[in-house]
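Just below is one structure, and these are the notes that go with it.
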Amino acid sequence: MKTSVIGFPRVGANRELKFASEKYFAGKITAEELQATARELRKNAWLLQKNAGIDFISSNDFSFYDNMLDTSFMLGVIPQRYKALCLSKLDTFFAMARGYQSDKGDVTALPMKKWFNTNYHYIVPEFDDSVDIQLDDTKAQEEYNEAKAHGVQTKVDVIGPYTFLKLSHFTGSKQLKDFSAKTAEAYKQLLANAKSWGAEWIQIDEPALVLDMTDEDKALFSDLYKIILENKQIKVLLQTYFGDVRDYYKELLSFDFDGIGLDFVEGKETLNLLKTGTKENCTLFAGVLCGKNIWKNNYAKTSALLETIQSNWKGEVAISTSCSLLHVPYTVKNEQKLDQNILKYFAFAEEKLTELSDLAANNQKAFAENKALFETERVAKNSDIASKIANLKKEDFVRQPAFAEREAIQKKEFQLPLFPTTTIGSFPQTQDVRANRSGFKKGTVSKEDYVKFNQKKIAECIALQEEIGLDVLVHGEFERNDMVEYFGENLDGYIFTQNAWVQSYGTRCVKPPVVWGDVSRRNPITVEWSKFAQSCADKNSKKPVKGMLTGPVTILNWSFPREDISLKESAYQIALAIREEVLDLEKAGIRIIQIDEAALKEKLPLRKEDWHSEYLDWAIPAFNLVHSGCKPQTQIHTHMCYSEFIPIIKNIDDMDADVITFEASRSNLEILKALKDNNFRTEVGPGVYDIHSPRVPSVEEIVNAVEKMKTYIPQSKLWINPDCGLKTRGETETVASLKNLVAAAKQVRN
Ligand code: GLN
Ligand code: ZN
């Protein structure tokens, strides 16, 4: 059997791309130096795959920021306001990704959204009326040639036109249908060009095929590919991932694809589909090796699955990852601290290459070792936690009294002005903050000094917010490296890697903790910090300081989960732990508690018919469980960001928080209409400016945003805040932005 990898991590084994890009943004290296780093990283990735014996290796899976943005460039989908900056190609690319502010111009970044059910974010393509589709495949060509120069024949990987168009925004008078034919022509040309470079295969990624499809969608796909495949001279692999293609399987088989890539890991229906139809002269790229987990594959199970697949497919079968390996860390080799007895269960991107080869070659020695790994239980069960979960009653998931009554009680309790202002939690994580934390971790900073330093930071942060005039304060999160890792470190059942970084967006990577065993809380986690912060505020403004927690669904979704118990069980374990923390904060006099659920939407099944049974039916109750024990006076906030949450707006209301803040500034406030249409009950703070960009929003801009919000949301329910935490921002721009935010709030109140 041949082996195939859909895509490989591009940040590098030690996040070299991140560091080089950030240096470039800071003007410390040149574009050419950045390009040189990128070339080196690509070379390493190709050679690693080649040496592992992978047959189908991708080129053009690299990106300086995001492959959707690369596709926008490949097709010339560049809105006029970015073209008008007259920057180099690379800088135009970064302007679209990150915004741009200088004397040459001032533009915000394009919106960013979560990529299907992952924590990777793509830049949403924008078609304005100036867009005239023109193929520019220099990136694909250069990277293909580069690989070839290293002796690696690659398949040229591109995101497909159907997925690209389906995820795009159309802001002018022209709509999708006005661009589809020319888009198809561009891909057709790309196929011809790739052939002329010497490529044998092109891999066209169409993950949007795993979403629900309407008849119109089906017609669009078919119209596009009729043009693209006409007289093709190159082999085409139509690659899907993140689920099954249940709405379109039969039709897919009718196209002249030389390869079809299907996901047998997340695609629950894929095997059943296979039994309904097959295709001769077409290679099935069977995605049986999970591209998202960190666990070793169970060879016995997978090879049994492969046998079933082979007996149902008439053509050749190649063994593939289920999605790009972009979603897993680079290599287990970078882990020096974890015990061998733990590491032996892990397989990251590099190790997954070996697994592919072992499986394809039926390597008996490897099979025997693998079998031994799965013969014994990995961890012992904690019966105490199990019985707590088994004894949960319906009432444990319902907060009393009902929302409206609480809202009235809280209005009296807090006496906040109209349009209360607040922030999402973190303040800039300056160099000294990081140094203090890492020194404490290494043991070079004593516990006492560590605490003292953070207290000083908190006191300054409270004073700063008081000076700026914010209404509900935060302590600033200086003790946290990451909103999930921090809680993981303080919960039993979690373990941590040193270097298991995964790209989240652009240059930003996350290092998800690993749920290793049953989860429980050892000791109070945030209480001392929050108490201290409130005591600072009590000396002056007496304003409430929000307690700041991460919710159970987000903790789980941003961890590498166990695969030996259900997600529901893991979520309830974490919920019980965070519930204890909420009740302790309340006891310590904290009157407002924010429970972030930034990642709630992330694991929502891609098919509507699976939403409730597979996810919402436990995810929303897990959140309810966390705060149902609170007093009516205690105000519960939650926060969400960067996802299309309009479809689950009702479920978000059912989380029964008192206030929700969320990202809105980069999505043109489209969520406001949905809030109105659904009679959203929870008070809301739609972010008024984008925190992923260093640009400072003007007072006028914020006033305009709020004025627009007021037309959709009753003013008694409207909060004013940035759209996410400020930890990645610099201090100067943060202070300037927040001053403008408060000034804008005052202006609107007047
Ligand atoms: N409270 C967190 C912060 O401000 C929330 C971060 C997030 O939503 N991603 O950093
Ligand atoms: Zn956020």
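The values are calculated or read from the model by the stated rules, or taken from the named source; none is laboratory data. Here the structure is a predicted model, which means the values were calculated and not measured. Quick reminder, even Gly has a Cβ in these numbers, built from the backbone with ideal geometry, and neighbours come from all protein chains shown.
Observations, loosely collected:
This table checks each residue for (1) in contact (Cβ under 8 Å) with a residue 12 or more places away in the chain; (2) at positive phi.
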| residue | (1), (2) |
| --- | --- |
| Ala390 | no, no |
| Asp396 | yes, no |
| Arg406 | yes, no |
| Phe414 | yes, no |
| Leu418 | yes, no |
| Gly425 | yes, yes |
| Lys452 | no, no |
| Lys456 | no, no |
| Leu464 | yes, no |
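- Unmet criterion (only one of (1) surrounded by fewer than 21 Cβ atoms within 10 Å (Cβ to Cβ); (2) at negative phi; (3) without any contact (Cβ under 8 Å) to a residue 40 or more places away in the chain) for Asn679: (2)
- Test: residue in the range 629-639 that is in contact with a helix residue (DSSP H, G or I) (Cβ under 9 Å, 6 or more places away or on another chain), within 16 Å of ligand 2 (Cβ to nearest atom) and touching a residue at least 60 places away in the same chain (Cβ under 8 Å): yes
- Among the residues making up the range 285-332, a single one is more than 25 Å from Tyr345 (Cβ to Cβ), in contact with a Lys or Arg (Cβ under 6 Å, 6 or more places away or on another chain) and in contact (Cβ under 8 Å) with a residue 60 or more places away in the chain: Ala318.
- Taken over the range 623-653, the residue count meeting the criterion of being at pLDDT 95 or above, assigned to a loop (DSSP other than H, G, I, E, B) and under 24 Å from the mean Cα position of the chain (by Cα) is 0.
- Residues considered: Gly488, Gly469. Of these, the only one that is on the phi > 0 side of the Ramachandran plot, among the small types (Gly, Ala, Ser) and away from ligand 2 (no atom under 16 Å from the Cβ) is Gly469.
- Output for the range 426-465, where each listed residue is within 16 Å of ligand 1 (Cβ to nearest atom), within 18 Å of Lys542 (Cα to Cα) and not hydrophobic (A, V, I, L, M, F, W, C): Gln465
- Matching strands (runs of 3 or more DSSP E) fully within the range 1-120 where at least 1 residues are crowded, with 16+ Cβ neighbours inside 10 Å and among the β-branched types (Val, Ile, Thr): 2-4, 57-59, 105-107
- Qualifying residue in the range 472-485 (condition: part of a helix (DSSP H, G or I), in contact with a strand residue (DSSP E or B) (Cβ under 8 Å, 6 or more places away or on another chain), touching a residue at least 40 places away in the same chain (Cβ under 8 Å) and under 29 Å from Asn540 (Cβ atoms)): no
- In the range 721-750, the residues that are among the β-branched types (Val, Ile, Thr) and more than 16 Å from ligand 2 (Cβ to nearest atom): Thr732, Val735, Val742, Val748
- Restricting the first member to the range 698-726 and to residues that are within 16 Å of ligand 1 (Cβ to nearest atom), and the second to residues that are at pLDDT below 95 and among the charged types (D, E, K, R), the beta-carbon pairs closer than 7 Å and six or more apart or on different chains are Asp723/Glu663; Asp723/Asp690; Cys724/Glu663.
- Within the range 22-39, residues that are within 12 Å of Phe64 (Cβ to Cβ) reach partners that are surrounded by fewer than 15 Cβ atoms within 10 Å (Cβ to Cβ) and of a type in the set (Gly, Ala, Ser) with beta carbons closer than 8 Å, at six or more positions or on different chains, in the pairs Tyr24/Ala31; Ala31/Ser88.
- Looking across the range 194-213 at every residue that is out of contact with any Gly (no Cβ under 9 Å at 6 or more places or on another chain) and surrounded by 18 or more Cβ atoms within 10 Å (Cβ to Cβ), the one that is nearest to Thr163 (Cα to Cα) is identified as Met213.
- Residue in the range 405-428 that is assigned to a helix (DSSP H, G or I) and over 22 Å from Glu683 (Cβ atoms) present: no
- All conditions but one from (1) at pLDDT 95 or above; (2) within 16 Å of ligand 2 (Cβ to nearest atom); (3) not in a helix (DSSP H, G or I) apply to Thr554; the one that does not is (3).
- Among residues of the range 501-522 that are free of Cβ contacts under 8 Å to residues at least 24 places away in the same chain and within 23 Å of Ala622 (Cβ to Cβ), none has a beta-carbon under 6 Å from a residue that is hydrophobic (A, V, I, L, M, F, W, C) and assigned to a strand (DSSP E or B) at least six positions away or on a different chain.
- Tally, over the range 310-365, of residues that are over 25 Å from the mean Cα position of the chain (by Cα), of a type in the set (S, T, N, Q) and not in a loop (DSSP other than H, G, I, E, B): 8
- Residues considered: Asn272, Asn297. Of these, the only one that is polar (S, T, N, Q) and either touching a His at 6+ places or on another chain (Cβ under 7 Å) or surrounded by fewer than 20 Cβ atoms within 10 Å (Cβ to Cβ) (or both) is Asn272.
- Search result, residues across the range 685-720 that are away from ligand 2 (no atom under 13 Å from the Cβ) and β-branched (Val, Ile, Thr): Val688, Val696, Val699, Ile702, Val703, Val706, Thr711, Ile713, Ile720
- Residue satisfying condition, being among the small types (Gly, Ala, Ser) and within 30 Å of Gly493 (Cα to Cα), within set Ala408, Ala372, Ala402: Ala372
- One residue from Ile595, Ile620 being within 16 Å of ligand 1 (Cβ to nearest atom), at negative phi and either at pLDDT 95 or above or part of a helix (DSSP H, G or I) (or both): Ile595
- Listed by position, the helices (runs of 4 or more DSSP H) inside the range 654-750 whose residues that are at pLDDT 95 or above and of a type in the set (A, V, I, L, M, F, W, C) number at least 2 are 699-710, 731-749.
- Some residue of the range 683-692 being more than 16 Å from ligand 1 (Cβ to nearest atom), touching a Phe, Trp or Tyr at 6+ places or on another chain (Cβ under 7 Å) and among the charged types (D, E, K, R): yes
- Those residues of the range 557-592 which are more than 15 Å from Gln633 (Cα to Cα), among the β-branched types (Val, Ile, Thr) and assigned to a helix (DSSP H, G or I), in sequence order: Ile574, Ile578
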